[in-house]
Every structure is written in structure tokens, then in C-alpha cells.
Amino acid sequence: MENMVLIVGAGPSGLATSVCLSAHSIPHVILEREDIYASLWKKRAYDRLKLHLAKEFCSLPYMPHLADSPTYIPKDMFVKYLDEYVSTFNIQPLYHRSVESACYEEVDGKWRILARNMKSGDVEVYVAEFLVIASGENSAKYIPDLPGLYSFKGEMIHSNEYKSGSKYANKDVLVIGCGNSGMEISYDLSTFGAQTSIVIRNPFHVVSKEMVRLGMVISKYLPVFVVDFIVLLMANIKYGDLSKYGIRRPKEGPFYLKATAGRAPVIDVGTVEKIKSKEIKVVPGISSINGKKVLLEDGAEREFDAIVFATGYRSIANEWLKDYEHVLNETGLPKNNFPHHWKGEKNLYCCGLSRRGLFGVSMDAKAIAEDIKRVIDEKNVKVKGPPRILSLLPYC
Ligand SMILES: Cc1cc2nc3c(=O)[nH]c(=O)nc-3n(C[C@H](O)[C@H](O)[C@H](O)COP(=O)(O)OP(=O)(O)OC[C@H]3O[C@@H](n4cnc5c(N)ncnc54)[C@H](O)[C@@H]3O)c2cc1C
């Protein structure tokens, strides 16, 4: 099947890119491996999740959140917003299509994409002038290879399978990973009455939602070191020195780290208070696991009924995209630095891989659609005379 633009993935990035392309009347097709759009939000997010960022930073192009919606939108409300986005703009991804390879054919200057139809098992071939990677920073879960991991006798899950702490009351649960998911899941487990422990090894910043919102607003006008100074001052007043509880701050500030290394601060949902009151125990790293016993780096041995790995995800676009080096590095993330990350060579683009959440998704989608429009117009002017109006929906 031949297409003008092929988008891989129907998460917020794929949906936003689709809408921006339609605004320029550019025909396109979206391939999605699951049976639904926004699968991360619909299938792989825990119940108590609210958007970490204020709503003004979390809307997709052409559809702001309603004025009366809460500042920090709960997951279910965000899913409804996405449902409305899809129906308003009549987005029609092709589901059950898992892209297994994509390569650039120098002969005709087009992308050749192979997708497995997960229902029939057949491999389908697509050809496109432009290819947009919108398969997400979170396309595969990451679990560290700990000694004895698979000897563990209790329940072991990744955070993407975690829904709520309701079934863990009175159980000993270890959460590995102290990013936003790990800290929030620990809070949730403890609220449901689990004896909760969390592994904290690396330094990180703890801030509140309001501090992040303020920082994002003032960073439009002030240099990052001033923003960090203000935010850290507020964080120190609110939380005090947390090092005695095992939480150490990095040397660089939270906004600097986010901008340069993509490392997000932890946005506290109440976990810090529970750590201070010892309702949640902080433990050091793990040396090994044996049956239900976990040997910690300080020599202590503890038994757990369950382990939740909040150890993150990785992009695996570089595994199926054979010519990934036109836009990605070997970790599946953009090879060019922000703000030039979204555009590669050979009509290849990536959306939503800049570690800037939904805010970054929106920026990328608009930039990609405008660039594709420019390339098409230039080509039409050079080769075929005046720009032509490309067909409207349906796309393929
Ligand atoms: C628990 C959690 C909470 C978060 N909270 C926030 C928040 O509050 N604010 C914020 O801005 N961001 C948040 N994020 C980040 C969030 O992932 C992004 O903002 C958003 O989902 C990115 O959209 P995306 O479309 O790029 O990726 P995804 O949502 O991951 O969508 C990618 C899609 O591509 C599909 N896909 C992948 N590989 C293939 C393939 N080979 N073939 C076909 N289809 C494929 C997947 O099935 C998926 O549907 C959160 C992330 C997590 C995990």
C-alpha cells in the first residue's frame, strides 16, 4: 500500500501528528500494534495517576482542555479528552499492525515498512514518502538483571501492570525505582495498608506540582539557573533536608537536569511525608534475591511478598527502524539535540522522543507537519508546477 506519510504508533504523538497533517490536507496512515489508540493511558497506567503537569502544558494541537477542567487532570479525564480528540478529528488508525522493520530505498527515495498483522499473522508491506516515528519513549519496559531475580517466589510485576494497592493490604512489598512512578506507587501501596519499602540509590530532586508549574511559567522569561534557584529555595522550605531519610539532591538543579539530560524531578504526591513518618521504608540497593529473601547492599536480609519494578522504559524504535541513524542514536532516542531533535534525513521524523512529555509531543507534531508540507510544496513547485491540494479524509 503506498502512502504519502506513514506514522508508527497511535499514542498522543501519532494522534497529534495526524491532526496536524490533516490541517495541511496531507494524506497519511497510522499503524498501531495494539487494538486501541493511546494504549499506554488506556491499558498501562495506574488508577490514581493524574497528569504531572498543569493542563496548559498537556493539551494536543487544536484542542485545549476545557476551562472548567481541573488544573491537574486525572488519568480517566485525560483518556476522555483523547477519545474526544479522536472522534472530533475522525482519526482512524489501522490497529493490530506491529511494525517490524522499516528501511529507506535509495532507488525510489521511499520508505518501505513491514508490519505484522497481529490478527492474521500476515506481514503487510507499506511504502511511504515520509515516515514519522511516534512509537513512544516507553515502548518496552525495562527490568534490571539482578542476581537471582528469577528465583523470587513472590509476585513480580513491572509498574506498567500495576493498577492499585488494593490487593496488597498487609503484604510486604518492595518497590524498586524512585522516579515518579516508583514514588507514587509506594504511596498508593502504603495507603492501601501494604508494608511498603522503596529502594533509593541515586540522587534526585523532590518538588511539588505547583513548583513545577511556576518553574515552567517563569522559565519563559528567566535563565534556567535563576529558575532552579527559586524552585530549590521553595523545595527546601517545604521539604527540608531529606538526606537523613536517604533522599539526596543532585548537584545540578531540576530544570537544568530536565533540559540537558531529560531527568525529571520527582513530583511529590505525599510520599515524602510517609517516608518521614517511616510508613514507607527506604532501603539501599539490592545485592541478590533468593526465594522470598532479598539481600540488600547494607548486608540486611528482608522477605517480601511482592516486588514492583518501577525501573522505567526504553524506546526500541532503533530495533525495527533499520536506518535509524538518520534520526536516532543507538538508545532509540533522537541523535540531534533539542530543538532540532524531531527532524532526520531522508524524510524521516520522530515525535514525542524529546523527554518533554505532552508539551514536547505538541511542539514536535506541529513542526513535523509544517516541514512535510514545505517539502511537498517545494517538490510540487519544482517538479509538477503549482502546489496541488492533496486528498482529504479518509487518508489511505
Ligand atoms: C505512568 C506514566 C505517567 C505519565 N504522566 C505524564 C504526564 O503527567 N504528563 C506528560 O506530559 N507525560 C506523561 N507521561 C509521558 C507519556 O508517556 C507521554 O506524555 C505520552 O504518552 C507520549 O505519547 P507517545 O504517543 O509519544 O507515546 P505512547 O503513549 O507510548 O504511544 C506510543 C504508541 O506506539 C505504539 N507502538 C510502539 N511500537 C510500535 C510498533 N513497532 N508498531 C506499531 N505501534 C507501535 C504503542 O503501542 C503505543 O500505542 C507519563 C508516562 C507514564 C509511563
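The values are calculated or read from the model by the stated rules, or taken from the named source; none is laboratory data. Given the structure is predicted, the values throughout are model-derived calculations rather than measurements. Positions of Cβ are generated from backbone atoms using ideal geometry, with glycine treated the same way; all protein chains shown enter the neighbour counts.
Kindly indicate which of Asp83, Asp68, Asp145 is of a type in the set (Asp, Glu), surrounded by fewer than 17 Cβ atoms within 10 Å (Cβ to Cβ) and part of a helix (DSSP H, G or I). I'd like the intermediate steps shown before the answer.
Numbers: Asp68 fails: part of a helix (DSSP H, G or I); Asp145 fails: part of a helix (DSSP H, G or I).
Result of the check over Asp83, Asp68, Asp145: Asp83.
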task = For the stretch 388-395, indicate whether the set of residues that are surrounded by 15 or more Cβ atoms within 10 Å (Cβ to Cβ), of a type outside the set (Asp, Glu) and either modelled with pLDDT under 90 or more than 26 Å from Glu105 (Cβ to Cβ) (or both) is non-empty.
result = yes
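Mind listing just one residue for me: the one in the stretch 232-273 that is among the basic types (Lys, Arg) and over 23 Å from the mean Cα position of the chain (by Cα) and, of those, farthest from Arg201 (Cα to Cα)?
Lys238
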message = Just to verify a result, which residue in the stretch 36-64, among those that are outside any loop (DSSP other than H, G, I, E, B) and near the ligand (Cβ under 6 Å from one of its atoms), is farthest from the chain's Cα centre (by Cα)?
response = Ser39
inquiry  = Scan the stretch 181-198 and tell me whether some residue there is free of Cβ contacts under 8 Å to residues at least 40 places away in the same chain and in a helix (DSSP H, G or I).
reply    = yes
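Mind counting the residues in the stretch 211-238 that are under 15 Å from Ile267 (Cβ atoms) and either in a loop (DSSP other than H, G, I, E, B) or in contact with a Ser or Thr (Cβ under 9 Å, 6 or more places away or on another chain) (or both)?
Of all residues in the stretch 211-238, those under 15 Å from Ile267 (Cβ atoms) come to 211-216, 231-232, 234-235, 238.
Next cut, either in a loop (DSSP other than H, G, I, E, B) or in contact with a Ser or Thr (Cβ under 9 Å, 6 or more places away or on another chain) (or both) only: 213, 234-235, 238.
Here the count works out to 4.
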Cβ pairs under 9 Å, 6+ apart, first in the stretch 29-46 and more than 14 Å from Leu94 (Cα to Cα), second of a type in the set (Asp, Glu) and within 7 Å of the ligand (Cβ to nearest atom) = Lys42/Glu34; Lys43/Glu34
message = I want to confirm something. Restricting to the stretch 4-35 and keeping residues that are within 12 Å of the ligand (Cβ to nearest atom) and part of a loop (DSSP other than H, G, I, E, B), which single residue is farthest from the chain's Cα centre (by Cα)?
response = Asp35
request  = Determine whether the stretch 229-250 contains at least one residue that is of a type in the set (S, T, N, Q) and either crowded, with 16+ Cβ neighbours inside 10 Å or touching a Lys or Arg at 6+ places or on another chain (Cβ under 6 Å) (or both).
outcome  = no
message = Can you confirm whether Phe304 is of a type in the set (Phe, Trp, Tyr), in contact with a Ser or Thr (Cβ under 7 Å, 6 or more places away or on another chain) and touching a residue at least 40 places away in the same chain (Cβ under 8 Å)?
response = no
query = When you scan the stretch 275-380 for strands (runs of 3 or more DSSP E) that lie fully inside it, which ones turn up with 2 or more residues that are surrounded by 16 or more Cβ atoms within 10 Å (Cβ to Cβ) and either at pLDDT 95 or above or not hydroxyl-bearing (Ser, Thr, Tyr) (or both)?
reply = 280-283, 286-290, 293-296, 306-309, 348-350
task = Kindly establish whether Gly165 is over 12 Å from Lys274 (Cβ atoms), of a type outside the set (A, V, I, L, M) and over 19 Å from the mean Cα position of the chain (by Cα).
result = yes
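Just the residues that are in contact (Cβ under 8 Å) with a residue 40 or more places away in the chain, away from the ligand (no atom under 12 Å from the Cβ) and among the hydroxyl-bearing types (Ser, Thr, Tyr), please, taken from the stretch 86-108.
Tyr104
Of all residues in the stretch 111-133, count the ones that are among the hydroxyl-bearing types (Ser, Thr, Tyr) and under 22 Å from Ile372 (Cβ atoms).
Result for the stretch 111-133: 1.
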